[in-house]
1. List, in order, the whole-Hz ³J(HN,Hα) value for each residue of the range 432-439 obtained from phi through the Karplus relation with A = 6.51, B = -1.76, C = 1.60 and θ = phi - 60°; use x for Gly and Pro.
2. Taking 25 Å as R0, compute the FRET efficiency from the Cβ-Cβ separation of Glu42 and Lys18 and round it to 0.05.
3. For an R0 of 35 angstrom, estimate the FRET efficiency from the Cβ-Cβ distance between Glu417 and Val318 and round to the nearest 0.05.
4. Leaving ligands, DNA and RNA out of it, rank Asp75, Asp2 by accessible area with a 1.4 Å probe, largest first.
5. I'd like the distance between the alpha-carbon centres of the range 45-77 and the range 92-134, rounded to an integer number of Å.
6. So how do Thr336, Thr434, Thr74 rank on accessible area, 1.4 Å probe, biggest first, that is with the largest at the start?
7. Could you derive backbone 3J(HN,Hα) for the range 65-72 from the dihedral phi with the Karplus parameters 6.51, -1.76 and 1.60 (θ = phi - 60°), listing whole Hz in sequence and x where the residue is Gly or Pro?
8. R0 = 51 Å: FRET efficiency of Glu136 with Asp294, Cβ-based, nearest 0.05?
Amino acid sequence: MDSKVTVLTPNGRRQIVKVTPNTTIMQILEEACKKHGFSSDEYILRHHNKEVSLSQMFRFSGLPNNCLLEMSQTDKKRVPMPVDICVQTEDGTRKQAQFVPGDNLWHVLKQLQGEGELQKFESPVILYMRQEILGEQLLSKTTLKSLGIMEGRALLRLVDKQPEELKSQAMVYKPPAPKVVSTCDMEDDKPRTSKSIVPGGSGFAITKDLVQSLKKSSANETKESTTTENNEAASNVETPEPEKPKYDWGSAPGRSMRTSELEMEVDEIENLEPEIEPEYHILGERNAIIYSLDSAQSQIEDLPDSFYDLTVNDLKLVLRDLKKIAAGNEDAPLLTEKLRELEDNNTMLRKIAQYKNCVIRIQFPDRHVIQGMFKPIDKISDVKEFTKIYLEEPEKPFYLFTIPPKTKLDLDKTLLELDFVPNALVHYSLEDETDNTDKFINPQFLNKLTPAEGAFYVASKLRKQQHDKHSHNQVALDVPNPSTGAIPKRPRNDDLNNK
């Protein structure tokens, strides 16, 4: 079925414009203006009194078929702005330059790749937002503006494909072929009526078949271990007690696992500590620690494919997350402004009761990070004063901000009001943007850098100590006072009437 939209022009006419999924909103506006003699640079389109981005494609705009768009005049005429275009080839190299929206794709490729490089391509193809423009003829007719690239920056991918290969999407990871299952295994398994993999590859669904298969594999492992132990016992003339299964799945579907056991084992997984305590250097007050992000990235290792295999513990963690989502407030009733404020205040009170300290990390442009412990009621001004202690030039004015988007932090706001509890990452910047300083922290502190894992270990250790202390105090508060046996006096009806 053909898609179309109706454009209401300023002269009261209605113009029907046929669209495809790759049609940009700018093309719709230009066609309507061309039919009625208007300048497209002086108008925008609105849907239900809400402005629609002209650079979007129809498939990503969220507009329904046969919708009504209204032309509205802008305050000032739109002027073409230069855009940054980056072209990425199949080997991963990138070249970037500035162009105007009226330039065509072939001109862009000649400027960035050169005619000599383009001659090596049998059929160059540009890929952008699910669009594939093939051949020199189409590339010469397609402009950046027709793709919706009118401002900012964009990334184009250049590949060499034959026309018959256009049905397969380029530069997309292809999963390995599924393993061949023997006929004997197929006979043992029951025919499955539901799939455990979500269509589209975005995740997996917890189904009864998946749980039963895991139960079966767990039972086989238990049986094999019991058989091995019996063989060893026969050789040693001893009969040890059979080992109990590691996981008790029960006989019901996967969602009937006992919550207490699930939460207990999940907590044990989360509370695992390293066998060897990493090295760290506490520099001063608030348990200050300085580390470098470069050292953290250097420790990243390539993980084997077996790391991504689904295990029983992974399934338990997924079930825990699903339980939290099911208990969420997706179907909660609408709240008034006062009720929302009351709920926010209750959330803040719960955070104060749960977290006595919070971890704040200040990241510098040279990728050094200062870590400190603060109270939820501390202000940003306290964080700023704490940062000055470790600066090489503390007299230079600076400010703290968060991203994205870049938001300058108010010095009078508390960490709790900014939702920085239990942890947050803020960034450091000088007030003078023209200052080219590349050294910020005093060198005497840089000589005592802590490895990244040491900084993370100290933060988790201090938080755990505070949590254990809070739990102990909570248990002490929950102990009921000894009863005196007295019955509270209830008001009489005469007293109520006198009132």
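1. 8, 6, 7, 6, 9, 4, 10, 10
2. 0.55
3. 0.55
4. Asp75, Asp2
5. 29
6. Thr434, Thr336, Thr74
7. 5, 6, 7, 10, 10, 10, 7, 10
8. Details: r = 44 Å, r/R0 = 0.87.
After rounding, the FRET efficiency stands at 0.70.
The values are calculated or read from the model by the stated rules, or taken from the named source; none is laboratory data. These numbers come from a predicted model, not from an experiment. Note: ideal-geometry Cβ built from the backbone for every residue, glycine included; neighbour counts use all protein chains shown. To get the accessible areas, we keep the full protein, side chains included, count just its heavy atoms, and leave off ligands, DNA and RNA. Shrake-Rupley method; radii C 1.70, N 1.55, O 1.52, S 1.80 Å.
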